[in-house]
């Protein structure tokens, strides 16, 4: 969750993500950070760039003592970043992946599908995702994911 993706509409998920981090009993935490440089496909096709920035301090504080793995990515899915998450998850005997963040219709969806395709039980935590574009895209994404039993069905 990088500040560049947080808007007035998306901030509501921050306390929910904090709660999941505090109360969750996860074996591994992955912090995915995105950037799109000048000349990238993002710039060429979408006329859009995004500076590399860290996770927002509030979330970073909650995961700091959990020794998170930081994945730097220039694409939508965390599974296509600078760390081979499939190999890492298999090494750590991770069988189930929970996904949170912004944008539901973009990075969250791509990460969830890549996780599923890699053979992991995958669930998007509904109360911990939003779209920076508009909430209709969040709802459309959750409808798709619910249809294939890839959310926690909490909302």
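Observations, loosely collected:
- Selection within region 8-40 - in contact (Cβ under 8 Å) with a residue 24 or more places away in the chain, in a helix (DSSP H, G or I) and exposed (fewer than 12 other Cβ atoms within 10 Å of the Cβ): 22
- Selection count, region 122-155, where residues are surrounded by fewer than 16 Cβ atoms within 10 Å (Cβ to Cβ), more than 14 Å from residue 99 (Cβ to Cβ) and in contact with a strand residue (DSSP E or B) (Cβ under 6 Å, 6 or more places away or on another chain): 1
- Verdict on residue 64 being out of contact with any helix residue (DSSP H, G or I) (no Cβ under 9 Å at 6 or more places or on another chain) and modelled with pLDDT under 95: yes
- Remark: pairs (first residue in region 41-58, at negative phi and without any contact (Cβ under 8 Å) to a residue 40 or more places away in the chain; second residue surrounded by 13 or more Cβ atoms within 10 Å (Cβ to Cβ) and assigned to a helix (DSSP H, G or I); Cβ separation under 7 Å; 6+ apart in sequence or on different chains) = 48/42; 49/42; 49/43.
- Pairs, first free of Cβ contacts under 8 Å to residues at least 12 places away in the same chain and at negative phi in region 80-94, second surrounded by 14 or more Cβ atoms within 10 Å (Cβ to Cβ) and outside any helix (DSSP H, G or I), C-beta under 6 Å, six or more apart: 82/72
The values are calculated or read from the model by the stated rules, or taken from the named source; none is laboratory data. Note that this is a predicted model, so its numbers are computed, not measured. Note: ideal-geometry Cβ built from the backbone for every residue, glycine included; neighbour counts use all protein chains shown.
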